[in-house]
Each structure stands twice: as C-alpha cells, then as structure tokens.
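The values are calculated or read from the model by the stated rules, or taken from the named source; none is laboratory data. Because the structure is predicted, anything quoted here is derived from the model rather than measured. Please note: Cβ atoms are built from the backbone with ideal geometry, for glycine as well, and neighbour counts cover all protein chains shown. All accessible areas refer to the heavy atoms of the entire protein, side chains included, with ligands and DNA or RNA removed. Shrake-Rupley method; radii C 1.70, N 1.55, O 1.52, S 1.80 Å.
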Amino acid sequence: MRHFAVVGSGPAGFYTAEALAKAYGEQAQIDILDRYPVPYGLIRFGVAPDHQSLKAVSKRYDKVAETGGVGFIGNVTVGRDVSVEELLDHYDAVILAIGAPHDRKLGIPGEDLPGVIGSAEFVGWYNGHPDFADLDPPLGGTHAAVIGNGNVALDVARILSKTRDEFEGSDIVGHALEALDRSAIRTITILGRRGPHQIAMTPKELGELGHLAAALPIVDLADFPPVEADEALEPGQRKSVTILREFANIRANKPKTMIFDFFAKPLAIEGEGRAERLIVERTELDERGAARGTGETYEVPASLVVSCIGYSTPAIEGVPYDDRGGKFLNESGRISDRLYCVGWARRGPTGTIGTNRPDGYEVAEAIAAEMPAGSDGGRSGRAGLKRLLEERGVRATDFADWRKIERAEEAAARAGSPREKMVRVEQWLETLGR
Ligand SMILES: Cc1cc2nc3c(=O)[nH]c(=O)nc-3n(C[C@H](O)[C@H](O)[C@H](O)COP(=O)(O)OP(=O)(O)OC[C@H]3O[C@@H](n4cnc5c(N)ncnc54)[C@H](O)[C@@H]3O)c2cc1C
C-alpha cells in the first residue's frame with residue numbers, strides 16, 4: 001500500500017488525485033488536504049460567479065473525492081497545523097497544489113493607499129472568500145481603474161458594470177450584490193502597458209463586454225496596428241483582437257463605459273489619504289515587443305484601483321522557492337525526493353482550468369514510475385496524520401462535512417441562485433456543530 005498527500009483541493013490537486021487513483025487503484029490511499037472545509041480552490045473563490053457553467057467542473061472533482069481510497073481532509077493548513085516534513089514522514093509522496101493566492105505588487109508609489117486593492121482581494125470579496133468578507137471596496141466614486149490586460153481584469157470590469165438583473169442565476173455573495181447595486185461607478189478604465197496585439201484576453205470573455213445591459217466598451221482604433229497585421233496572430237488571439245476592434249463600431253448610449261487604455265503604464269497612485277487618481281506614462285513597443293516609456297504622462301481619475309497583474313505562491317518552510325517566478329523551485333513538478341508540486345504552485349498563474357490536468361497527470365505518472373503500484377513504503381498515511389492532528393487539537397473535516405455545508409448553502413440561496421455561500425470559517429464550522 002502507498003500513501004499520498006495532495007495539499008490543495010483546487011483543479012490541480014483534484015486532477016493529480018484522479019491520476020493517482022487511476023494509476024494505483026486499491027493499492028494507494030490518497031488524501032486531499034485543504035486549509036478550508038470547502039473544496040475546489042479557485043473554482044469556488046476565483047472563477048466569476050456569473051460563469052456557472054465553468055464552475056460545474058466541480059462535479060467531476062466530486063467523483064474523485066468519492067472514489068474508494070481517496071479522502072478529503074479539510075480545515076488543515078499545511079505549514080501551520082502540520083509541516084511538509086511531517087507529511088513526508090507519514091506519506092510516501094507529498095504533492096503541493098496550493099495555487100498562487102497572493103497578489104503581485106505593482107511596485108509604484110501610492111499602492112498602499114486605501115482604495116487600491118489586488119484582484120485576489122476584490123475577486124475574493126465578491127466570491128465569498130473568508131479572508132475578504134470585510135473588504136468593503138470603495139464604490140462611492142464615479143471612476144474606477146483596472147490594471148492589467150488579462151481575463152481577470154475583464155472579470156473585474158464586468159462585475160463592476162453589471163446590473164442587479166444581470167447577476168440572476170449567479171452565486172455572487174449577497175454582501176457584494178447589495179454593494180454593487182448601490183455602486184456609483186460609471187467609468188472603468190482598463191489599463192494595459194502594451195497594445196491590443198499583446199492582450200491576454202480570450203474571445204468569449206471579451207465578447208461578453210459587447211452585450212452588457214448598462215455598460216459600453218470603448219476602444220480607440222488609433223491604438224491598433226493596421227488590420228492586415230492581425231493575419232500574423234495565432235487564431236484565438238486574432239479572434240480576440242477582432243472582437244476588440246468591433247467595439248469601435250458599437251453605437252449605443254449606456255450609462256457606464258469601460259475604456260480600454262492601451263500603451264499605459266501606471267507610475268503612481270495619488271490622493272489625499274485615499275486613491276483619487278493614477279499617474280500614467282504613455283508607452284510604445286520597443287524592438288523586442290516590450291513596453292518603453294515615452295515620457296508623456298497623464299492622469300486617470302480613480303477612487304477604486306484594482307490591480308490584476310498576477311499572483312504568487314506563498315513560501316512554505318523547508319520547501320525550495322523560486323523568488324523570481326513566485327512559485328516552488330521544481331523540475332517538471334519535482335521539488336526534491338518524494339516532494340512534488342502541480343498547478344499554479346508549479347507553473348505560476350497561467351493557463352486555464354484544463355491546463356492543470358496534464359500537469360497533474362504528468363506528476364502522478366512520475367510518482368508511479370518511481371513507486372510502482374503494489375509496492376509498500378511502510379508509512380502510516382491517513383491514520384498517522386489524523387493522530388497528529390488530534391494531538392494538536394486541529395479539527396479536521398471530511399467530504400461528508402463539505403456536503404453538509406453545500407446543502408446548507410443551497411438551502412439559503414436567494415431565488416434563481418444556486419447557493420448563498422457562507423463567508424466565514426466559523427459559519428462553516430457551526431454548520432458542522434463544531
Ligand atoms: C479571478 C480568477 C478567475 C479565473 N477564471 C477562470 C476561468 O474563467 N476559466 C479558467 O479556465 N480558469 C480560470 N482561472 C484560472 C483557474 O482558476 C486556475 O487555473 C486554477 O484554479 C489553478 O489551480 P490550482 O489547483 O493550482 O490552484 P487553486 O485553485 O488556487 O487551489 C489551491 C488550493 O490550495 C489550498 N491551499 C492553499 N494553501 C494551502 C495550505 N497552506 N494548506 C492547505 N491548503 C492550502 C487552497 O485553499 C485551494 O483550495 C481563474 C483564476 C482567477 C484567479
């Protein structure tokens with residue numbers, strides 16, 4: 001019998017557990033640990049609440065959790081409640097799938113002013129992440145700025161623009177729905193350091209902006225290279241750029257605008273005790289396609305600034321860390337003897353949900369090659385970990401506990417919504433009678 005600990009129950013953790021379960025059958029016990037009693041990582045806390053069809057991938061993960069030999073151990077933070085070294089004592093291999101939950105810093109003056117928030121915080125707030133339930137983002141001003149040219153920036157701009165009716169069927173948490181309904185924001189500037197050809201936005205997410213009830217996307221065609229230049233783009237990117245160009249042809253009057261400000265590099269955020277404006281430098285592309293400042297500066301008013309410029313993985317004691325990449329130091333997912341990483345903790349914050357699948361399968365195959373099914377490492381696995389956690393007074397939860405929370409959230413849903421998420425760890429534990 002082999003024992004494996006997968007730390008993190010997001011997509012990468014679940015795909016890895018799925019691959020290990022397939023490779024070992026009844027010859028292994030696989031535990032998926034998470035710091036929360038609720039599973040799925042960014043499927044619950046990142047993916048936009050108005051994109052429910054994407055969240056349905058969790059049904060596949062449920063099947064994995066309910067496979068014989070697979071266990072879910074929630075409410076256990078690795079690095080605090082139990083160390084990686086201790087896990088390695090009890091398990092034959094430990095796979096870190098903890099994602100990249102920390103916002104990267106802008107590194108400009110004024111970024112600590114009230115009103116400047118990272119996307120992990122803002123997205124966490126509308127998605128019911130317990131760390132950000134009390135964020136209370138400033139929505140009383142008329143102007144917001146979203147920094148970044150990826151899909152997360154689009155999510156943030158769209159959520160800031162939607163009407164109450166447009167959240168029908170979503171699971172946006174009640175506190176965010178009420179606050180957004182009262183929001184005074186009318187102009188959202190989306191800033192990117194480079195141009196339309198360099199966006200990291202996908203066609204579906206961009207296309208949605210053209211069909212919002214109360215908001216209009218605005219582009220300046222002068223920012224675009226000649227249309228013939230689009231031919232050289234990879235097909236998906238060409239589609240995105242075509243959609244962007246078409247925004248220039250929309251003729252409509254709507255109360256809110258989303259302005260795409262390309263070739264725009266934020267230099268500073270200024271204001272009297274809170275964010276009021278961004279100081280931005282106009283850029284151009286250099287020979288290598290990087291943004292180069294032109295020296296021309298201008299101001300963008302914004303009392304809310306959301307930076308969507310990427311994430312990093314937190315370091316864990318004793319695990320080699322790549323400071324530049326903001327992830328664990330690894331080679332094809334291998335960190336050191338019997339210690340691996342997958343997903344965003346391995347690659348950094350790129351790719352889609354599906355990208356984590358081959359990633360998890362590759363690491364599971366490497367493990368199976370090293371420790372063939374049928375072999376025995378003589379370790380205590382789940383029983384040993386449970387003993388340790390009990391000794392420390394850590395109240396671990398299991399998948400049946402999650403199902404109880406899930407039922408309670410579904411029962412509390414407002415009309416038309418799949419669930420009303422509980423937004424505090426204590427609420428989860430109370431539901432479980434702890
Ligand atoms: C705002 C946002 C929107 C997105 N939207 C989409 C989309 O629409 N479509 C798409 O394809 N992709 C989307 N993605 C990308 C997708 O969410 C990621 O590819 C995927 O979630 C990465 O999986 P992961 O398992 O590596 O990390 P995560 O999903 O972050 O999972 C990490 C897990 O580890 C747990 N954990 C962290 N630290 C510890 C610890 N110390 N101990 C125990 N457990 C721990 C966390 O609680 C979490 O459950 C989005 C990402 C973001 C940020």
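Observations, loosely collected:
- Residue under evaluation Glu426, criteria (1) closer than 24 Å to Glu66 by Cα; (2) surrounded by fewer than 13 Cβ atoms within 10 Å (Cβ to Cβ), criterion not met: (1)
- The single residue among Gly343, Gly381 that is under 27 Å from Gly148 (Cα atoms) and modelled with pLDDT of 95 or more turns out to be Gly343.
- Helices (runs of 4 or more DSSP H) wholly inside the stretch 116-224 that include at least 1 residues being in contact with a Ser or Thr (Cβ under 6 Å, 6 or more places away or on another chain), open to solvent by 20 Å² or more (accessible area, probe 1.4 Å) and touching a residue at least 24 places away in the same chain (Cβ under 8 Å): 151-161, 203-209
- Once the stretch 292-324 is narrowed to residues that are polar (S, T, N, Q) and open to solvent by less than 60 Å² (accessible area, probe 1.4 Å), the residue that is nearest to Ala179 (Cα to Cα) is Ser303.
- The residues in the stretch 20-37 that are open to solvent by less than 50 Å² (accessible area, probe 1.4 Å) and within 8 Å of the ligand (Cβ to nearest atom) can be counted, and the count is 3.
- Tallying residues that are open to solvent by 30 Å² or more (accessible area, probe 1.4 Å) and either under 16 Å from the mean Cα position of the chain (by Cα) or within 11 Å of the ligand (Cβ to nearest atom) (or both) within the stretch 57-77 yields 2.
- Residues in the stretch 85-109 that are in contact with a helix residue (DSSP H, G or I) (Cβ under 8 Å, 6 or more places away or on another chain), open to solvent by less than 40 Å² (accessible area, probe 1.4 Å) and among the β-branched types (Val, Ile, Thr): Val94, Ile95.
- Residue within the stretch 278-296 that is in a strand (DSSP E or B), within 16 Å of the ligand (Cβ to nearest atom) and over 24 Å from Ile188 (Cβ atoms) present: no
- Hits in the stretch 320-365 - residues which are in contact with a strand residue (DSSP E or B) (Cβ under 8 Å, 6 or more places away or on another chain) and part of a strand (DSSP E or B): Tyr321, Asp322, Lys327, Phe328, Arg334, Ile335, Leu339, Tyr340, Cys341
- Boolean, Asp112 is surrounded by fewer than 22 Cβ atoms within 10 Å (Cβ to Cβ), on the phi < 0 side of the Ramachandran plot and part of a helix (DSSP H, G or I): no
- Residues of the stretch 334-350 that are more than 8 Å from the ligand (Cβ to nearest atom) and touching a residue at least 60 places away in the same chain (Cβ under 8 Å): Ile335, Arg338, Leu339, Tyr340, Cys341, Gly348.
- Test: Gly378 is assigned to a loop (DSSP other than H, G, I, E, B), surrounded by fewer than 17 Cβ atoms within 10 Å (Cβ to Cβ) and more than 16 Å from the ligand (Cβ to nearest atom): yes
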